[in-house]
Amino acid sequence: MEIPSKFVSQNVEDKWYSYWMEKDFFSSLPDDREPYTIVIPPPNVTGVLHMGHMLNNTLQDIIIRRARMMGYNACWVPGTDHASIATEAKVVAKLKEQGIEKSSLSREDFLKHAWDWTHEYGGIILEQLKKLGCSCDWSRTKFTLDENMSASVIDTFIRLHNKGLIYRGYRMVNWDPEAKTTLSDEEVIYEERDGQLYHIAYSVLDSDEKVIVATTRPETLLGDTAVCIHPKDKRYFHLKGKQLVVPLAQRKIPIIEDDYVDIEFGTGCLKVTPAHDVNDKALGEKHQLEVIDIFNEDATLNHHGLEFEGMDRFEARKKIVKALELSGELIKKENHRHKVGTSERTKAVIEPRLSDQWFLKMEDLAQPAIKSVLQSDEIQLVPEKFKNTYRHWMENIRDWNISRQLWWGQQIPAYYFGKDNSQYVVAKDKATALELAKGASGNSNLQTSDLRQDEDVLDTWFSSWLWPISIFNGVLEPDNPDVNYYYPTQDLVTGPDILFFWVARMIISGYELRQEKPFSNVYLTGLVRDKQGKKMSKQLGNSPDALALIDQYGADAVRVGLMLSSAAGNDLLFDESLCQQGKNFANKIWNAYRLVEGWKVVETSEMPPLNKAAIDWYNNLFQQVVNTIDDHFSKYRISDALMTLYKLIWDDFCSWFLEMIKPNYEESIDKATVIAVKTLFENNLRLLHPFMPFLSEELWHHIAKREASEALVVSDWPKALSWDQQYINDFDIIKQIIGGIRNFRKEKNIGFKEQLTLISESSIPHPEVVVKLGQLVAVIDQVEEEGQPLGSFRVGQSEFFIPINEAVDPVEERKKLTQELEYAKGFLKSVEKKLSNERFVSNAPEKVIELERKKAADAQDKIDLLEKSLSQL
């Protein structure tokens, strides 16, 4: 098969992805092999591919492709998340465009719209991952609202409720007024914002005296039910037991005493609004204060808002401040920087709100997850620095608010009955709930119409925390063959931003439901940033279109570009030029094979000694590199693995090995050498395949006609064999000598086609390689003509001479050698200073000390050589 002159990625990507899919190479079923399982962090069902997805899924694909080649039963399970808040918001927005309000629809009608929208737009991102080359087992694709996935969520809720771990409570929660739902503490992002501190006067009842209260939220004074002072604050002893009048509202409220108040902060007087602050709520309960909620669910003011009813909270704030100014009750306002809680999803400012919600007790559940990561290392976090983040979350864990005031999601399986729906049962369906309700109430006449299911749905994370188990149906059928074979999984690749949201909770559910870890290793990627260090986002306009990058550079080039700039746990500074570098790498490999394929091959001639030496060298080097790459993979240094391979192929294979091997212009090459070179090329492709699957598979099939079972995607990963280090060292010397010859030509302005003679007093390993690459007539051990002008260069402890046609200027040569000598002496002095430092010698590893001693010995040898050369001048 003739190889095209250029590598065009678009011509091979669809071809090979379709081929892999047709041959079912990505599918996995339990068998007698050892499994290697990865579960995809499920993206939002309606999401589209962005740079974070590209990084995360490229890493996963590299890992799973290598595992497949290593003989594991590789299984990478894809899927999507229903993303309650984000998806419902998009459906609501679409309905608004059509003139339909969510409030005008029944739950069933709204869910029909939501499913229609999900079917229309959902799953696009999974198709986009195929463009990237992701080798998922698509037959196992899951969606967190699939029937059995939802049944797993409901089953888990019932199980935990029956164990007494899930309870319903009236609590202060984080309310997102845009999404109109509660959020867990972890879904609230605190931002430093500039605001104002308002000093407001509250009149003492039946007195001309006023008490000054400072607040950042003047609108909430309409919900004040007390002002609190410290019992030991002498400034206010005379006000104990008195009442104040709330500005604008003209309600009477008590002055209460509590040592919660900080005497030193502000005026020492604290307005207490139990409905709108978690600390105020605690004070309210302690002092039995009235609770006045002034907000509607969208954070507009309700009937308690007086003439400001119906206004948005921030608009109401402006109006209330204006009214306080007019009434003379606003004493002053000053700039104030403070933290404001915002919704991770909608970015809306969070409103503390009292509400009946469902909670999961976390303290006891968290203990096995703490032990497995922080004590036993049963689960490894890579890099380890994230253990501190994990420790902070887990050792300060709070009960999880798992209910959401939405319709898109798994509806909470609680059914209310009795007077004012004051009783409830938890059951998987209404029929089961009816039987339980009859038993609980003692009323055998109850009908299903007497039951009302809870309107709320469960937090999306309550479905995704089951992901490694539920995708194998391990909740509903805990002993089924799939879950017993594939669980626990091997690697999880995700971002540190969801270390608690998702990773920690999966660990918790794994130990609770299956008494074992869900995975062994968690590889935490960094954030993708632009080259200025700013986080990439569509809002900032600094995030390139992921698919456009693939179209422009090719999937392989983009994968390489991502890996060249990515290290575990460190933010990735992405520069599009790295994709161009990836494309250049692809072209280099392509052209290297075109070079080999273009050689004129002779059937009968024997392999020359030079070719055999070069092949033996590369074989040894290859084994060393396989060992290094395997070590990098074992430590999840995927970028380092690619860089090692990049150097091997670009520098060692293309720039050195092929130059040693290739025949001279219009000359032929023996068949045995070509076979050996193609074998080495194949080995390179095996290492390359996880990183650049399309290019490598294309070249693999150009090298030889293959059956499906011989495709590169299912070929063997190279096994690291022993190697001869001396052989590698010899060629390192050869490369240095050739480099010295090339530099000599530049210095003396000698053309590269002009053949030279090299004089070496010491033996050179494989001189035939030096002759060819150095464009030499020969390597000799002594001067052939007495008085012949000689130029020289040094490699390590050896000096080399080249006869030249011009006399050497002794003054210039002495100047050059003296400069080299001064540098060598200075270098030796710095090394000896380090070695004479007792602190360094006692603390540094032995290998480091040995390296410094070798540097000193080499420097001394060079000094001796230079001094000898100077004396000979």
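The values are calculated or read from the model by the stated rules, or taken from the named source; none is laboratory data. Keep in mind the model is a prediction, meaning the values are calculated, not measured. Note: ideal-geometry Cβ built from the backbone for every residue, glycine included; neighbour counts use all protein chains shown. Protein only, heavy atoms only, side chains kept; ligands, DNA and RNA dropped before computing areas. Shrake-Rupley method; radii C 1.70, N 1.55, O 1.52, S 1.80 Å.
With all protein chains in place and a 1.4 Å probe, the accessible surface of region 120-244 carries 48 percent carbon and sulfur.
Counting other Cβ atoms within 10 Å of each Cβ, which GluC sites (Glu not before Pro) in region 642-722 have at most 10 and sit in a DSSP loop? Within region 642-722, the qualifying GluC sites (Glu not before Pro) (loop, at most 10 other Cβ atoms within 10 Å) are Glu666, Glu667, Glu707. Rounded to the nearest 20 debye, the dipole magnitude of the chain is 1460 debye, with +1 charges on Lys and Arg beta carbons, -1 on Asp and Glu beta carbons, and the Cα centre as origin. Translational D (Stokes-Einstein, µm²/s) of region 136-230 at 4 °C and 1.567 mPa s when Rh comes from the Kirkwood sum over C-alpha pairs? Answer, rounded: 67 µm²/s.
Pro368 sits among other residues whose Cβ lies under 13 Å from its own Cβ, and their net charge, with Lys and Arg +1 and Asp and Glu -1, is -1. Taking 30 Å as the limit for the C-alpha separation, the pairs Lys678/Lys854; Lys131/Lys735; Lys242/Lys281; Lys15/Lys142 exceed it in the case of Lys678/Lys854; Lys131/Lys735. Between Leu527 and Lys371, the simple label model (points 7 Å from Cα in the Cβ direction) yields a spacing of 3.6 nm.
Relative to the longest principal axis of the Cα atoms of the chain, helix 363-374 runs at roughly 10 degrees. Between Lys815 and Glu667, the FRET efficiency estimated from the beta carbon spacing at R0 = 56 angstrom works out to 0.80. Straightening the chain between Phe827 and Asn421 buys 137.6 nm, computed as 0.36 nm per residue apart minus the Cα-Cα spacing. For region 540-657, the fraction of C-alpha pairs farther apart than 17 angstrom is 66 percent. For region 452-550, the set of GluC sites (Glu not before Pro) satisfying both a DSSP loop assignment and a count of at most 14 other C-beta atoms within 10 Å is given as Glu455, Glu516. For region 700-759, the Kirkwood estimate of the hydrodynamic radius, built from every pair of different alpha carbons, is 16.1 Å.
In region 758-873 the Cα-Cα distances spread across 10 Å bins starting at 0 as 12, 34, 28, 17, 8, 1 percent of all pairs.
Taking R0 as 30 Å, what's the FRET efficiency between Glu378 and Leu165 from their Cβ-Cβ distance, rounded to 0.05? Computed FRET efficiency for Glu378 and Leu165: 0.85.
Over the C-alpha trace of region 137-296, radius of gyration and Dmax come out as 22.2, 78 angstrom. Counted over all Cα-Cα pairs of region 1-127, pairs farther apart than 24 Å make up 50 percent. Of all the accessible heavy-atom surface of region 691-769, with the other protein chains kept in place and a 1.4 Å probe, what percent is carbon and sulfur? Whole-percent figure for carbon plus sulfur exposure: 47. In region 289-442 the Cα-Cα distances spread across 10 Å bins starting at 0 as 8, 19, 25, 23, 18, 8, 1 percent of all pairs. Positive-end ranking of Ala433, Leu527, Ser509 along the dipole of region 424-547, with charges on Cβ about the Cα centre, is headed by Leu527. In the chain, the alpha-carbon atoms span a convex hull of 247 Å³ per residue. Here's the list of aspartates and glutamates a cross-link from Lys816 could span, going by alpha-carbon distance under 15 Å and ignoring same-chain residues fewer than 8 apart: Glu747, Glu799, Glu867. In this label model, Gln288 and Leu721 are separated by 8.8 nm, measuring between points 7 Å along each Cα→Cβ vector. Close amide-amide hydrogen proximity is noted between Thr757 and Val777, each under 5 Å apart and 5 or more residues distant or on a separate chain (H modeled in the peptide plane; Pro and chain starts excluded). Annotation: amide H of Ala711 has no partner in the under-5 Å range at sequence separation 5 or more or interchain, hydrogens built in the peptide plane. Just list whichever of Lys240/Lys319; Lys232/Lys271; Lys234/Lys286 have alpha carbons separated by over 26 Å in the model shown. Lys240/Lys319, as the Cα separations exceed 26 Å there. For the chain, the longest principal axis of the alpha carbon atoms and the long axis of helix 638-647 meet at an angle near 20°.
Calculate the translational D of region 502-608 in whole µm² s⁻¹ from Stokes-Einstein, where the hydrodynamic radius comes from the Kirkwood formula applied to all Cα pairs, the temperature is 20 °C and the viscosity 1.002 mPa s.
121 µm²/s
Taking 19 Å as the straight-line reach from the Cα of Lys430, the lysines in range (excluding those fewer than 8 positions away in the same chain) are Lys419, Lys438. Size estimate for region 411-502 follows the Kirkwood approach: the inverse of mean 1/r over distinct Cα pairs works out to 16.0 Å. Computed from label points 7 Å out along Cα-Cβ, the spacing between Asp630 and Asp185 is 4.7 nm. Compute the angle between helix 147-162 and the longest alpha-carbon principal axis of the chain, please, reported from 0 to 90 degrees and rounded to the nearest 10. Helix 147-162 sits at roughly 60 degrees to that axis. Other residues within the sphere of radius under 10 Å centred on the Cβ of Ser762, judged by their own Cβ, net out at -3 (K and R +1, D and E -1). The alpha carbon convex hull volume per residue for region 666-800 rounds to 182 Å³. Ellipticity at 222 nm from helices only: DSSP H runs of n ≥ 4 in the chain, each -39500 (n - 2.57), divided by the residue count, give -13500 deg cm²/dmol. What does the charge count near Gly223 come to, summing +1 for each Lys or Arg and -1 for each Asp or Glu among other residues with Cβ under 14 Å from its Cβ? The answer is -1.
Computed from the Cβ-Cβ distance with R0 of 25 Å, the FRET efficiency linking Glu264 to Arg193 stands at 0.55.
Give me the log10 of I(q) over I(0) for region 279-327 at q = 0.22, 0.31 Å⁻¹, as the Debye formula computes it from C-alpha points; what are the numbers? Reported log10 I(q)/I(0), two decimals: -0.82, -0.99. For region 763-852, the dipole from Cβ point charges (+1 on Lys and Arg, -1 on Asp and Glu) about the Cα centre works out to 620 debye, to the nearest 20. Derived from the Cα gyration tensor, the three semi-axes of the equivalent ellipsoid of region 305-376 are 43, 17, 12 Å, largest first. Of the solvent-accessible surface of region 330-469, computed with a 1.4 Å probe over protein heavy atoms with every protein chain present, carbon and sulfur atoms account for 43 percent.
Volume per residue for region 60-127 equals 108 cubic angstrom (convex hull of Cα atoms).
Once the chain from Glu850 to Gln755 is taken as fully extended at 0.36 nm per residue, the excess over their C-alpha distance is 30.1 nm.
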